[in-house]
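Take a look at the structure below.
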Amino acid sequence: MRKEQPLPKYAACNLGSINLSEFVVNSFKDTAFFDTAGFIQAVKTAIRGLDTVLDENLNNHALPEQRKMAMNYRNVGLGVMGMHDMLIKLGMKYGSHESIKFIDSLMDLMFRSAVIESSVLAREKGAFPAYSKDLLKSKILKEHLTDDEIINLEIDKYGIRNCSLLSIAPTGSLGTMLNVSTGCEPLFALYYNRKTESLNGNTEKTYKVYTGVAKEYVNKYDDKLPDYFITSADISWKDRIDMQSILQKHIDTAISSTVNLPNNTSQKEIERLYLYAWEKGLKGVTIFRDGCKRAGILTTDTSKKSESSNDSIESKPTDNELKRGMIIKADDNCIGKKRTLVTGCGTLHCEAFFDPDTGELLETYLSKGSQGGCNNFMVGLSRMISLAARGGLDIYSIVDQLKSSGTCPSYAVRRATKKDTSPGSCCPVAVGNALIDMYKEMQQELNEEPGEREVKPQRGHRGKMKVINETKNVSIAEGAICPICGEPLQASGGCFSCPNDGYSKCD
């Protein structure tokens, strides 16, 4: 699932994590193995410990409703960290068939052990007050325990102590403190830059931190890292989804897992990822594409930075990093589009400029025609739209605000009398509709194959028109429009020409 765990009203997390890498014996060797007995004991101890924390913390809740929820359901969330470190120490590649099979067996054992210990606690102290025998019908319980095992454990008689048991949290702070891979995630890099503020007097700094398992291997063998030392960039999204689907089988609450994608990942590829995640039955999936304008906590930026004596470096924004309050620049390679609107005060020209790679809105320019309207208002509105777009807001959020502007009396009168106004109830709403129209057209152009494309008829023309694609030797049909300016072409002597910009082409 996503990094946020959905909880009922007034509920709270009570989380703990087991460092899986500590249960590997003979690390990096052919004789390496996982200490199963020690792991089972750790799970039982952790479940018992988290259950005790519930009682210790009951009087510390801010609201009585929170205290009641904790007491009635006794939810705990035992998870893991160091999972990738463990696989590396066992000589397995994250995402390989071997690693997925091993994780399937290990997490099955973890859930069974947690249920068994919770049932023991129920015999000793009683089941959680809201317990119902309907729990015995739950899918995850039936998949991990047979009816005979449930009877032998006397779960049908005593129930279990905790409503929920396992949850794989991000463990970002814990994993970083212990220098092990976080949660169930693969290593982001063999070393990474860690940004901090609170530890440096509110001055943001970035530290270069080496992955513990890589450092341990090099210190032990002083050799090149084997090929099973891979990072998230080396793992296909399909293998990540497969791993998450296996983990999900054995987790009764949530999983923190982010699929890292290279910058050149297409929209079609992302669509395939989401459909595959749906086919595998995932409750949710989170992705992060490298190079997005809002950078992640971990980065692999290799640009030069000035280092101080304690090996820390002052963090400076990169082209791919957009901090809160920062505004990106619209480059000169933007793709522009234009709509001429009819408002209550006359003509309004709306120009929009989009990112050539993503098709996202970057800037707008509004100017009134020769009749009526406040030009200064239009200039201010266009500036604020541009600022919001270059500050990271998506076009739908911007337009949502524009559409909350209400109805203009002049707009309503002209619509009733002349019936020629553009869609909307006032100038801001009309501008919002035009922006969405241009944005959708931009997205369509980015995703379509080269060739002819259908466009909307210009004012004064009916039916469908075709844009001439200069990359193909096509015959120009009646009603074609200029590929440069979009104006209708005029036919003369077997040739077609544009009176607006001089374009011409002959059959």
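Quick notes on this one:
- Reducing the range 29-55 and the range 374-437 to their Cα centroids gives an inter-centroid distance of 60 Å.
- Counted residue by residue at 0.36 nm each, then reduced by the alpha carbon distance between them, the extension gain from L7 to K440 reaches 152.2 nm.
- Proportion of all alpha-carbon pairs of the range 152-272 beyond 26 Å (%): 42 percent
- Nitroxide proxy distance, nm - points 7 Å out along Cα→Cβ at M177 and D147: 4.7 nm
- In plain terms, the chain from T45 to V25 could stretch by 5.1 nm, reckoned as 0.36 nm per residue minus the Cα-Cα distance.
- Extended-chain gain in nm, criterion 0.36 nm per residue less alpha-carbon gap, K215 and N57: 53.0 nm
- Annotation: peptides 255-267, 45-57, 425-437, 220-232, ranked by per-residue average of other Cβ atoms within 10 Å with the highest first, follow the order 425-437, 255-267, 45-57, 220-232.
- For the range 335-424, the fraction of 1.4 Å probe accessible surface lying on carbon and sulfur atoms is 55 percent.
The values are calculated or read from the model by the stated rules, or taken from the named source; none is laboratory data. Remember, predicted model here, so these are calculated numbers, not experimental data. No Cβ is skipped: glycine too gets one built from the backbone with ideal geometry, and neighbour counts run over all protein chains shown. The accessibility values were calculated without ligands, DNA or RNA, using every heavy atom of the protein model including side chains. Shrake-Rupley method; radii C 1.70, N 1.55, O 1.52, S 1.80 Å.
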